[in-house]
Amino acid sequence: MTKRLKNSEYASIRGREKRLDAEKKAHQDGVPVPSQPPLFSHDATLQSYFNAAWNSVTPCDISMHLRETKTTEGADLVSKIRNFKACHFR
């Protein structure tokens, strides 16, 4: 049985996912990433959680996301540690 998410948690997760998807599309198609987060909810509180998650994505998160989607090999733990170290300890 999976744990049910609160609406605010779901909005945060979706905000991060949508930003990473937008960055992936921008990388593949050359489409610019929107400067403002898209409308997720007409509820101001949920939209603020979505916006916070959208804006909290770092360039390191983006590069790690793009590398994981490009390569099929290197999914082992050692490769993930190397990616983490390369991103955070320059």
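The values are calculated or read from the model by the stated rules, or taken from the named source; none is laboratory data. Nothing here was measured: the structure is a model prediction, and the numbers come from that model.
For region 23-34, name all the residues that are aliphatic (A, V, I, L, M) and more than 16 Å from the chain's Cα centre (by Cα).
V31
For (1) modelled with pLDDT under 95; (2) under 13 Å from the mean Cα position of the chain (by Cα); (3) not in a loop (DSSP other than H, G, I, E, B), each residue gets a yes or a no:
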{"site": "A11", "(1), (2), (3)": "no, yes, yes"}
{"site": "R16", "(1), (2), (3)": "no, yes, yes"}
{"site": "Q36", "(1), (2), (3)": "yes, no, no"}
{"site": "S48", "(1), (2), (3)": "no, no, yes"}
{"site": "W54", "(1), (2), (3)": "no, yes, yes"}
{"site": "H65", "(1), (2), (3)": "yes, yes, yes"}
{"site": "G74", "(1), (2), (3)": "yes, no, no"}
